[in-house]
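These notes are about the structure you will find just below.
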Amino acid sequence: MFKKIIKGGHKKHSKSDSIDGSFHGYGLPGSGHPGSGSNSSVVVNYASWPGHNAKSSNPCPRTTLPPMFAVEPLPLFKDVAVSDRQNLFLRKLQICCFRLDFSNTLKLVREKEIKRQTLLELVDFIQSGSGKITERCQEEMIKMVVVNIFRCLPPASHENTGQEAKDPEDEEPYLEPSWPHLQLVYELLLRYIVSSDTDTKVAKKHIDHTFVSKLIDLFGSEDPREIKMILHRIYGKFMVHRPLIRKAINNIFYRFIYETQRHSGIGELLEILGSIIHGFTLPMKEEHKLFLVRALIPLHKPKAVSVYHQQLSYCVVQFVEKDYKLADKVIRGLLKYWPMINCQKEVLFLGELEEVLEATQTAEFQRCIVPLFRQIARCLNSAHFQVSERALFLWNNEHIVGLVAHNRQVILPIIFEALERNIQHHWNEAIHGLTANVLKMFLEMDAELFDECETRFEEKKAKARDVEEQREMIWEKLADAAAERGGDHMVTV
């Protein structure tokens with residue numbers, strides 16, 4: 001038995017064991033085989049593989065390349081009869097069903113170019129509308145797309161590396177090395193979905209719930225070049241998938257907000273949602289309102305909000321423009337997550353607040369006046385001049401000025417003290433000028449109210465001085481009493 005084991009250890013490797021390790025289970029065979037010119041399309045001859053059934057109707061599921069193969073040139077679509085183009089389409093799909101290894105740019109260069117050229121031909125064929133492709137061709141095409149785009153994404157730079165997590169804005173994204181092929185596969189899928197020749201009833205058999213779920217998972221890719229607007233096209237064309245897409249996006253947001261606070265596709269998902277929200281009909285469904293309250297508003301909480309704030313702000317404003325009654329909820333939500341020490345984030349919030357107020361009606365505005373202008377007053381007195389400046393810029397908006405003018409009896413008493421403090425104590429000269437303009441505006445609106453607020457402010461200042469003087473007198477008396485009792489043993493500070 002021992003001799004047999006020793007003998008086995010020196011067994012010769014078969015040809016299949018000696019295949020170039022760069023394939024990693026994917027791709028076409030290496031170079032040097034007849035009929036594989038660099039400028040011609042090729043097809044893998046499955047009939048030459050042992051055990052292959054030539055009548056098989058499923059050429060695309062394979063992603064590994066057997067050791068025995070043959071490569072044959074394929075003609076261009078324009079060079080064959082119209083009746084043969086469907087079969088040629090299937091044969092070209094066979095080539096594209098293999099993923100080539102891009103970890104080494106010097107290997108399989110010819111095969112990579114062959115696949116790229118074949119994908120370009122497929123895209124042109126779908127885009128040109130030369131002929132309506134059969135249901136079988138559609139099925140095999142989607143299988144080819146699945147093989148190429150649904151892949152294991154590499155871990156993000158902050159995962160499993162032992163390194164301290166960096167600011168998402170400072171991180172270098174991972175770029176997919178196989179992008180020259182991926183881009184064309186995405187383009188092919190997009191052209192297929194938007195084509196007027198595509199029958200939705202047939203297409204939804206292949207672009208099913210599983211396909212859509214995996215497509216949404218790809219939003220976790222760090223590569224910003226991923227063509228993610230395909231999801232929006234699917235949402236528009238396949239009504240059956242709409243609830244699934246909304247639920248999946250919801251779940252991604254919940255996990256991001258309450259668990260990881262890390263995801264590379266939040267901005268893209270919000271961009272798609274902006275278009276979806278724009279198409280909501282009135283009266284708005286309760287499901288959509290809950291999505292606003294439970295997902296969109298809490299998205300203001302994460303530290304990385306600046307990365308996707310533009311898209312988030314657009315979505316929130318879309319809700320208010322669709323249904324003005326949501327303005328109160330949105331404003332109170334912003335106040336709930338208002339940043340305390342992050343000045344740049346405060347500037348973003350003030351910009352979004354202005355857009356929301358611009359779509360707000362008087363009734364909703366009156367419900368949140370007090371907490372809203374208490375926060376604005378704090379921003380007016382911010383030592384960071386950009387925050388104070390952005391808050392003062394609210395009075396450059398005519399709609400907001402109109403809302404303020406109608407409710408000046410409540411608003412001016414809240415912010416008058418903050419405006420006076422800016423005039424007297426703020427270090428930035430530009431803030432002095434902007435504050436003076438706002439005070440002048442209020443004076444012109446209602447001189448009597450302005451005088452009342454000024455009188456109250458002076459009275460409050462006088463009371464504050466009296467309190468301060470009394471406090472100093474008490475401390476002096478305590479110091480004198482301590483000096484009498486303690487004598488030379490008293491320590492003064």
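Inter-label distance, Phe393 to Ala447: 3.3 nm, where each label sits 7 Å from its Cα along the C-beta direction. Computed from the C-alpha gyration tensor, the three semi-axes of the ellipsoid equivalent to segment 374-445 are 19, 12, 11 Å, from longest to shortest. Hey, which of these cross-link pairs are over 21 Å Cα-Cα: Lys115/Lys237; Lys289/Lys329; Lys132/Lys201; Lys345/Lys440? Over 21 Å apart, Cα to Cα: Lys115/Lys237; Lys345/Lys440. Between the alpha-carbon centers of segment 466-485 and segment 183-237, tell me the distance in whole angstrom. Each part's Cα centre sits 78 Å from the other's. Computing FRET efficiency as 1/(1 + (r/R0)^6) for His278 and Val202, where r is the C-beta to C-beta distance and R0 is 22 Å, gives about 0.15. Peptide packing: for 448-461, 203-216, the average count of neighbouring Cβ atoms within 10 Å per residue gives the ranking 203-216, 448-461, highest mean first. Normalised by the number of residues in segment 371-483, the average gap of Cα pairs under 8 Å and 6 or more apart makes the relative contact order 25 percent.
Since every read-out is calculated from the coordinates, none of them should be taken as a lab result. Not measured: the values here are computed from a predicted model. Every residue, glycine as well, gets a Cβ built from its backbone with ideal geometry; the counts of neighbours run over all protein chains shown.
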